[in-house]
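This report refers to the structure that appears directly beneath it.
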Amino acid sequence: MEVYIQQMVNGLDKGSAYALIALGLTLIFGTLGVVNFAHGALFMIGAFCAVTLSRILTFSHEVVDETRTDFLGNPLKVDVPYIYDIFGEATGSVIIDWAVPLSILFAIPVMIAIGVIMERGLIRHFYKRAHADQILVTFGLAIVLQEIIKYFYGANPIQTPMPDAFEGVFDIGAIIGFGTGEILYPYWRLIYFGFAMVIVAAVFAFLQFTTFGMVVRAGMADRETVGLLGIDIDKRFTLMFGIAAAVAGLAGVMYAPIVSPNYHMGMDFLVLSFVVVVVGGMGSLPGAVLAGFLLGILESLASLQEVVALVPGINQVIIYLVAIIILLTRPRGLMGRKGVMED
Amino acid sequence: MLGLNKKDFLLLLIVTMLTMLAPFVLNPFPEGSALAQFNAGYPDLMQRFVIFGIFAIGFNILFGLTGYLSFGHAAFLGVGSYAAIWMMKLLTMNVIPAIIVAVVVAGLFSVVVGFISLRRSGIYFSILTLAFAMMSYQLAYSVLTPITGGETGLQPKVNDPRLLDSALVDGATPTANLFGLSMRSSYELEIGSWLFTFNAGYYVAAVVMLLSFYLAIRIFRSPFGMMLRAVKSNQNRMKYTGLNPKPYTLAAFVISGMYAGLAGGLMVAMDSQVGPERMFWTASGEVVLMTILGGVGTLIGPVLGAGAIKYMENIISKINTEILHSWFSFLPDGLEDLIVNLTYPFIGKGWHLTLGIVFMLVVIFLPGGLVEGAQRIAGLIRRKDKSGGMPPASAKAEPAE
């Protein structure tokens, strides 16, 4: 029993990442009707926002430390981050330690800006063209973004540590009545899960309880009528693209300590996120979230030893298998509306 | 001739001439000169031109004619490769059975995938094919290791059974051959400071490519090709006229899958090794890039696209800063450094960036690819000639029409 719960919990963090990326993807599809293959790249750029901020924070100058000497007897030169000069050493080191969570503040404006520029500069011209063209141009864009990142940050994964306070594991088993050490889960992944839930809740609340969100939902249902009412729906949809980009970016920022960011991490997640969107239902927000967690947990359960012994290789292909079965039996997805992209 | 009209026959003739004379055409610069690095006339790259040409021709039969965008065609290439290498391990190092079996196995696999994937269209079809390809890739990497060799892949070994071949001399490595003619054997011709290499493997692949190009022309011009275009333009109308689009689409899918298998088999025939990375979805993406870049739905486009991308991959990626400096050395120092620094991100390891940008520009401005670009330029020149030769009155009358 413990093993199953452990595996389910293990699937949560990946499921969270799937859910967040898929949420953005389906948001873009639902509002603009565009299939965005560059969404994985946005996730990747988010992760590199974290890398960038921690690099900015640790930007240092050389200071001669008179109290210490190196092995030749000369005074030792040490690198001191500028941030120590501004806030003092104690506060400065805490700020550097918390670079990843701080990157959230840094990433939101950056990602919204990237999203808006992308939509206004490129995607806008593709509304009227076939889905195949949209896939192709965003696929090209994904390659370009990925190569730009590779040019500036190199091809190797860059370790981005989490704050010291969150290192270590959380003993879930002890809390819910199993023996200590039976079900363990790293603190950071737990935080990632919580963070994902907050983001999902925020997006839903924004769409459900604000006037802006109401207009956007109306636009999703019937764009033309909303336009006829004198509302500039294009402007709002552009901002929604920015928000979707920010959601993907934030998913990337917080994922940086889990997997060291590298330039192709976006592509790795993209395919799976698309599968998630399709399983959840094209354009359905709750579907994307549900399917994200469902597939994350399913993937994790399928890598249980008993299951793998029964059906070898099932852990590698379970997500694709589920997607194939769903597409063939219920093409609108788990929670998709009837008639949306069903053919 | 050959059942083709005059224009198509001319096209086939030109392509035949170019592929047969490729060692000359692709090696225009003398050995040792500064421009020699732009020479593409070495066997390895020429083989890749024609093999990826076949792959793209096949992909174009599906995407260009029916409009179904498959993101999983690399799976068929991979399956074909594995089938070919097993023939080499078990039966004979002769490439003929390997290639034939590669085509057959890839065809069977594409029947299965196509039958399921074609139940949906549009983006769902793309994702279904993607899912199948990724499944094949993952399985080849993990569980199917006994068949696929996992991460290390497969090569023919000295002690493989090879029922039809006579035993090798001890220590000799098995080489792929065509009735004894090794695929690696080359004839080198030196004329002045030029060096031309004629490689047996390249000519085998080139002949196969010409045959498949011919077949593609026939398909394009046949009633069957017409049906496939009907699938693209309007499936509903096709159904109303009492035709079922399904069998036609499936046939196109299987044909393009067999082309991919053929390309995979030829790859094995040339370098005698396979690895699962050949099936990764970015490899499927590459053939999409080739087809679009060259001109989707045109006959020659995919071949051009395959050539352009493989040329970029091999030639641009080899340019480094030193070479750039030597090119711009005639400029003043500051300007030279500036230009080199500005160009640097786009060459060498950054060639993917160039590829991505070129591809985006093509999709945005030239949906018909290089072929459309060439037609537009030709159109411009022709119009210029016409307006130059005609009296101004008729030129003025044109806009009124």
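The values are calculated or read from the model by the stated rules, or taken from the named source; none is laboratory data. This one's a predicted model, so the numbers in the text were calculated from it and none came from an experiment. All Cβ positions, glycine included, derive from the backbone under ideal geometry; neighbour counts span all protein chains shown.
Laid out as a table, the results:
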quantity: Any hit, region B:44-51, residues being of a type in the set (D, E, K, R), out of contact with any strand residue (DSSP E or B) (no Cβ under 9 Å at 6 or more places or on another chain) and assigned to a helix (DSSP H, G or I); calculated: yes
quantity: Residue that is nearest to the other protein chains (Cβ to nearest Cβ), among those in region A:125-135 that are touching a residue at least 12 places away in the same chain (Cβ under 8 Å) and in a helix (DSSP H, G or I); calculated: A:His131
quantity: Any hit, region A:233-248, residues being within 14 Å of chain B (Cβ to nearest Cβ) and out of contact with any strand residue (DSSP E or B) (no Cβ under 6 Å at 6 or more places or on another chain); calculated: no
quantity: Matching residues in region A:26-64 - criterion: being in contact (Cβ under 8 Å) with a residue 24 or more places away in the chain, more than 18 Å from A:Tyr153 (Cα to Cα) and either assigned to a helix (DSSP H, G or I) or touching an Asp or Glu at 6+ places or on another chain (Cβ under 7 Å) (or both); calculated: A:Thr26, A:Leu27, A:Ile28, A:Phe29, A:Gly30, A:Thr31, A:Leu32, A:His39
quantity: Residue in region A:218-237 that is among the polar types (S, T, N, Q) and over 14 Å from the mean Cα position of the chain (by Cα) present; calculated: yes
quantity: Among the residues listed as B:Val95, B:Val101, B:Val112, the single one being out of contact with any Leu (no Cβ under 8 Å at 6 or more places or on another chain) and more than 14 Å from chain A (Cβ to nearest Cβ); calculated: B:Val101
quantity: Single residue of A:Arg55, A:Arg68 found to be among the basic types (Lys, Arg) and over 30 Å from A:Gly24 (Cα atoms); calculated: A:Arg68
quantity: Any hit, region A:100-115, residues being within 14 Å of chain B (Cβ to nearest Cβ) and on the phi < 0 side of the Ramachandran plot; calculated: no
quantity: Residue in region A:98-108 that is farther than 19 Å from A:Val247 by Cβ and modelled with pLDDT of 85 or more present; calculated: yes
quantity: Count - residues of region B:124-145 that are surrounded by fewer than 22 Cβ atoms within 10 Å (Cβ to Cβ) and not hydroxyl-bearing (Ser, Thr, Tyr); calculated: 4
quantity: Every residue from region B:145-188 that is of a type in the set (Val, Ile, Thr) and at pLDDT 80 or above; calculated: B:Thr145, B:Ile147, B:Thr148, B:Thr152, B:Thr175
quantity: Filter result for B:Ala140 (farther than 19 Å from B:Val268 by Cα, part of a helix (DSSP H, G or I), within 11 Å of chain A (Cβ to nearest Cβ) and under 24 Å from the mean Cα position of the chain (by Cα)); calculated: no
quantity: Conditions (1) of a type in the set (S, T, N, Q); (2) out of contact with any His (no Cβ under 7 Å at 6 or more places or on another chain); (3) closer than 20 Å to B:Ser110 by Cβ; number of the one not met by B:Ser284; calculated: (2)
quantity: Residue in region B:101-115 that is touching a helix residue (DSSP H, G or I) at 6+ places or on another chain (Cβ under 6 Å) and not in a helix (DSSP H, G or I) present; calculated: no
quantity: Matching residues in region B:18-39 - criterion: being in contact (Cβ under 8 Å) with a residue 12 or more places away in the chain, within 19 Å of the chain's Cα centre (by Cα) and more than 11 Å from B:Phe196 (Cα to Cα); calculated: B:Thr19, B:Met20
quantity: Boolean, A:Val198 is without any contact (Cβ under 8 Å) to a residue 60 or more places away in the chain and on the phi < 0 side of the Ramachandran plot; calculated: yes
quantity: Residue within region B:199-208 that is surrounded by fewer than 20 Cβ atoms within 10 Å (Cβ to Cβ) and of a type in the set (Ser, Thr, Tyr) present; calculated: no
quantity: Sole exception among (1) more than 12 Å from chain A (Cβ to nearest Cβ); (2) within 23 Å of A:Tyr151 (Cβ to Cβ) for B:Lys384, by number; calculated: (2)
quantity: Selected residue [at the interface with chain B (Cβ under 8 Å from one of its Cβ atoms) and in contact with a Phe, Trp or Tyr (Cβ under 9 Å, 6 or more places away or on another chain)] from A:Phe139, A:Phe152, A:Phe166, A:Phe170; calculated: A:Phe139
quantity: B:Phe198 vs. criteria within 26 Å of B:Ala56 (Cβ to Cβ), part of a helix (DSSP H, G or I) and away from chain A (no Cβ under 14 Å); calculated: no
quantity: Residue among A:Phe170, A:Phe178, A:Phe139 that is free of Cβ contacts under 8 Å to residues at least 60 places away in the same chain and either aromatic (Phe, Trp, Tyr) or in a helix (DSSP H, G or I) (or both); calculated: A:Phe170
quantity: For A:Asn262: the one exception among (1) in a loop (DSSP other than H, G, I, E, B); (2) facing chain B (nearest Cβ under 10 Å); calculated: (2)
quantity: Verdict on B:Val363 being within 16 Å of B:Ala308 (Cβ to Cβ) and either at the interface with another protein chain (Cβ under 9 Å from one of its Cβ atoms) or modelled with pLDDT under 90 (or both); calculated: yes
quantity: All positions within region B:121-137 that are under 21 Å from the mean Cα position of the chain (by Cα) and within 7 Å of chain A (Cβ to nearest Cβ); calculated: B:Ser126, B:Leu130, B:Met134
quantity: Selection count where residues are more than 10 Å from every other protein chain (Cβ to nearest Cβ), touching a residue at least 24 places away in the same chain (Cβ under 8 Å) and of a type in the set (A, V, I, L, M), scope region A:294-330; calculated: 7
quantity: Odd one out for B:Val362 among (1) within 18 Å of A:Leu122 (Cβ to Cβ); (2) touching a Phe, Trp or Tyr at 6+ places or on another chain (Cβ under 9 Å); calculated: (2)
quantity: Only listed residue being more than 14 Å from chain A (Cβ to nearest Cβ), modelled with pLDDT of 80 or more, exposed (fewer than 15 other Cβ atoms within 10 Å of the Cβ) and more than 29 Å from B:Thr19 (Cα to Cα), chosen from B:Gly379, B:Gly334; calculated: B:Gly334
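Conditions (1) closer than 30 Å to B:Thr145 by Cα; (2) within 14 Å of another protein chain (Cβ to nearest Cβ); (3) at pLDDT 90 or above; (4) touching a helix residue (DSSP H, G or I) at 6+ places or on another chain (Cβ under 9 Å), marked per residue:
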{"position": "B:Ser256", "(1), (2), (3), (4)": "yes, no, yes, yes"}
{"position": "B:Met279", "(1), (2), (3), (4)": "yes, yes, no, yes"}
{"position": "B:Gly285", "(1), (2), (3), (4)": "yes, yes, no, yes"}
{"position": "B:Val303", "(1), (2), (3), (4)": "no, no, yes, yes"}
